Structure formats: structure tokens, C-alpha cells
1. Can you work out which of the residues in the range 143-157 that are open to solvent by less than 70 Å² (accessible area, probe 1.4 Å) and within 21 Å of P171 (Cβ to Cβ) is nearest to the ligand (Cβ to nearest atom)?
2. Output the residues belonging to the range 18-51 that are surrounded by fewer than 18 Cβ atoms within 10 Å (Cβ to Cβ), assigned to a strand (DSSP E or B) and modelled with pLDDT under 95.
3. H15: open to solvent by less than 20 Å² (accessible area, probe 1.4 Å) and not in a strand (DSSP E or B), yes or no?
4. With the checklist (1) more than 13 Å from the ligand (Cβ to nearest atom); (2) open to solvent by 20 Å² or more (accessible area, probe 1.4 Å); (3) closer than 21 Å to F180 by Cα in hand, flag the one item E61 doesn't pass.
5. If you scan the range 172-194, which residues turn out to be open to solvent by 20 Å² or more (accessible area, probe 1.4 Å) and within 13 Å of the ligand (Cβ to nearest atom)?
6. Under 6 Å between Cβ atoms, which residue pairs at least 6 apart in sequence (or on different chains) link something in the range 101-117 that is closer than 22 Å to H55 by Cα with a partner that is modelled with pLDDT of 95 or more and part of a helix (DSSP H, G or I)?
7. Say whether the condition of being more than 22 Å from R206 (Cα to Cα), open to solvent by less than 10 Å² (accessible area, probe 1.4 Å) and out of contact with any Pro (no Cβ under 6 Å at 6 or more places or on another chain) is met by at least one residue in the range 158-166.
Amino acid sequence: MNDYAHHWQDGTPIHLGLGKIVCIGRNYAEHAAELNNSVPDTPLLFMKPSTSAVHLTRPVEIPKDRGEVHFETELAVLIGRPLTAASNEEARQAILGFGLALDLTLRDVQTQLKEKGQPWERAKAFDGACPLSPFVAAEKLPQPHLGFSLDIDGERRQTGDTSVLLNPVVPLLSYISHQFTLLPGDVVLTGTPKGVGPLQPGQILRLQLEDALTIETRVI
Ligand code: ZN
């Protein structure tokens, strides 16, 4: 049974239920290029269900016998106010906190789905597909530009910087809210930088958001 619940970084619960996790594909040009994907002219949105969320502070359990499981390290935005057809200013005010997420992806399954022109849920929505960190209050971070990174076994593998997002955070939230409503407790993942690759049991992952949040965990 999934027991994920939002928390602040100091361990205090955030009393908002996780409804949905909205993700954007290909929001960093260099990541689109590494998978030989074109950059879409409108944001490529997909969702992970609440049942995919697990605590990133616990060991990351990856599926067996379903092909490669890729890590995608992403800035996660916690929504604090309802957003429907929102302006940029309304979207900015709705950001409650920032955290980090792994958008775990069954890459071989996704490649097959893409070839058939099918939706990506079988590759992206499985139980455990979205390890989420605790959140840092938005006002404690140096906005608008945030940096984050992933080290695996002591080696830097991904470096993200929201200043190079093709769709920056605030306009992205506004855009999503023109497609469907975002509710308090929803999370938006803002895309992965280049450097994605397969996870292996035993690896030690270290994720860092500015100097505000550090998570060390391992793959099992
Ligand atoms: Zn992703």
C-alpha cells in the first residue's frame, strides 16, 4: 500500500493530498537531442498518477524484468492554490514549494510505445515511478533560477538549471492551467536535463537542490 504524503524538509507534514503529477517532456534542448527527439512546438505534457509517488528519502526500488529503468532528475513544484486558466502572476503566487523528483522511465517500453504512437503510461506511471523529495518553501529559495544535480556513486551525472528551460516554470504552470485545472497538492515536474541513463541496484544517489536540500539514497 502506498503511504506517500507531502512533507517539508524539516519533517513537518504538509496537509495537502497529492492529486496528480503533471510532467513535461523535452523541456531541455540538450536532453531532447540525446534521445534523438525533436523539440515540440507546444509543451509535451503527460501525467503520473498519485500511486506512482514514493518517498525519495527511502531506497529507490526499481522494477525487474521490464528493461532499462532510466533516472530523470527533475525540479518538482508543489502547487498551493487552485489554478484554472491562470496568468503568470497567479501561477507564480500558487507555488508553495520546490523539491526534487526522479521521473523513473522504463526506457525500452517507452521506445516501443513511441514507435507505435501510443501513450507513455506503461513506461512512466508504474507504482514507484515517482520518488519525491521533501519540499523547501518557495520563499527560502533564490528564484527565479534554481540549480540542481544528481551524483551516482560520487560522479556528477546530471546538472539542471531552470534558466535554460525551454518552458520556464511560471509560464509552464500557466500553460498547464489553460489545459486543465491544477489543485493544491498537485506536483509539476519541469523536465530533465541531459545525462539520463539506466539505474542499477546498489548505486548510491545524491540529489542536491541549491544548498537548500540534499538527499542521499540508494537503488534496490
Ligand atoms: Zn521526465
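1. Within the range 143-157, the match that is nearest to the ligand (Cβ to nearest atom) is F148.
2. If the condition is that a residue be surrounded by fewer than 18 Cβ atoms within 10 Å (Cβ to Cβ), assigned to a strand (DSSP E or B) and modelled with pLDDT under 95, then L44 is the only one that fits.
3. Answer is no for this residue.
4. Failing condition for E61: (3).
5. Correct list: K194 only.
6. What qualifies is T105/A123; T105/K124; L106/A123.
7. No, the range 158-166 contains no residue that is more than 22 Å from R206 (Cα to Cα), open to solvent by less than 10 Å² (accessible area, probe 1.4 Å) and out of contact with any Pro (no Cβ under 6 Å at 6 or more places or on another chain).
One line per residue, one yes/no per condition, for (1) aromatic (F, W, Y); (2) away from the ligand (no atom under 16 Å from the Cβ):
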position	(1), (2)
A76	no, no
I79	no, yes
E90	no, yes
G97	no, yes
T105	no, no
V109	no, no
K114	no, no
W120	yes, no
A125	no, no
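The values are calculated or read from the model by the stated rules, or taken from the named source; none is laboratory data. Keep in mind the model is a prediction, meaning the values are calculated, not measured. Reconstructed Cβ throughout: ideal geometry from the backbone, glycine too, with neighbour counts over all protein chains shown. Surface accessibility is based on the protein's heavy atoms, side chains included, excluding ligands, DNA and RNA. Shrake-Rupley method; radii C 1.70, N 1.55, O 1.52, S 1.80 Å.
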